[in-house]
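Values in this text are rule-based calculations from the coordinates and carry no lab data. Please read all numbers here as calculations on a predicted model, not as lab measurements. Neighbour counts run over all protein chains shown; Cβ positions are idealised from the backbone, glycine included.
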Amino acid sequence: MKIKTKSKKVNKAWLHDHVTDPYVRLAQKEGYRARAAYKLKEIDEELHLLKPGQLVVDLGAAPGAWSQYVRRKFAPRDAAGGGAAVGALNGTVIALDLLDFEPIEGVHFIQGDFREEAVLAELQAAVNGRPVDVVISDMAPNLSGIEVSDAARIAHLVELAVEFSQQHLRPDGALVCKVFHGSGYSQLVDLFRSSFRTVKPIKPKASRDKSSETFLVGRGLKQQA
């Protein structure tokens, strides 16, 4: 009985935090599917990564908030001053996730597991040999609570995102990737530093204080030996 009571208290605390979260309220007001949009917005406003006309690949895209943000960035400036959620689109957004999500106008969505070769081949076919300007990855595995096992799963997804970027990014392109502080974090920073000329870790204000997540941004590919 004590376990159930504790669980209810935790759920109530989470619900209270969620309902009163200013980013949740802002997402509802501005039509974003999740508060995560403001994490990418902060990163973009600091580093100026996203510009109309680009090809952007969104990995781990569901429920679609990051793709929504990019899609609005690509809305022509003569369309209500830019930021339109529908209509013309100056740029290309390719989104991929294991989970399905409600379509976003102008966004090419691929459903599947990024770790599977067939799904990766479908993504590569969608890119169609074009140089990618920015790869954004909010991918995260289902965590087991076993630190060593979880660190390995996280690292694998980050390594796949880096490998995809090495193969498809234009030389001055960028990768934004979610990582977690803890076991294996320093190795992922080293991986980024060996792959990109400039590496910057960012903890957006929109990322909850309790969360161990942070984002690594790599810019400018290094030539691989």
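Points to keep in mind about this one:
- Residues with amide H under 5 Å from that of Gly173, placed H, sequence gap 5 or more: Gly220, Leu221
- Within the chain, longest stretch free of exposed GluC sites (Glu not before Pro) [DSSP loop, at most 12 other beta carbons within 10 Å]: 117-225
- Using a Förster distance of 30 Å, the FRET efficiency for Glu116-Ser183 (Cβ separation, nearest 0.05): 0.70
- Using a cut-off of 27 Å between Cα atoms, the listed pairs Lys51/Lys210; Lys73/Lys210; Lys200/Lys222 include Lys51/Lys210; Lys73/Lys210 as exceeding that distance.
- Near Leu55, the amide H atoms lying under 5 Å from its own belong to Thr92, Asp133, Val134; only residues 5 or more places off or on other chains count, and H is placed 1.01 Å from N.
- Compared with the alpha-carbon gap, the fully stretched path from Asn90 to Glu45 is longer by 14.3 nm at 0.36 nm per residue.
- Separation of region 182-207 from region 135-160 is 14 Å, based on Cα centroids.
- For region 59-190, fraction of C-alpha pairs farther apart than 17 Å, in %: 62
- Highest GNM mean-square fluctuation among Ala121, Ala65, Ala36, for the chain modelled with Cα contacts below 10 Å: Ala121.
- Screening the chain for DSSP H helices whose Cα atoms reach 20 Å or more along their own axis and whose mean Kyte hydropathy is at least -0.5 gives 147-168.
- For the chain, the equivalent ellipsoid derived from the alpha-carbon gyration tensor has semi-axes of 28, 24, 17 Å in decreasing order.
- Helical contribution to [θ] at 222 nm, DSSP H n ≥ 4, -39,500 (n - 2.57), averaged over the chain, rounded to 500: -13000 deg cm²/dmol
- Expressed as a fraction of 2.2 N^0.38 Å, the C-alpha radius of gyration for region 148-212 is 1.15.
- Listed residues Ala206, His48, Ile104: farthest to the positive end of the dipole of the chain (Cβ charges): Ala206
- Model label points for Gln224 and Ser149, set 7 angstrom from Cα along the Cα-to-Cβ axis, are 3.0 nm apart.
- Percent antiparallel among DSSP beta bridges (both partners in the chain, rounded to 5): 40
- Using C-alpha pairs under 8 Å with a sequence gap of at least 6, the mean separation divided by the residue count of the chain gives a relative contact order of 16 percent.
- Gaussian network model of the chain, Cα within-10 Å springs - most flexible of Asp209, Asp172, Asp113: Asp209
- Between Gly60, Val70, Ala37, the Cα set farthest toward the positive side of the dipole of the chain (charges on each charged residue's Cβ, about the Cα centre) is that of Ala37.
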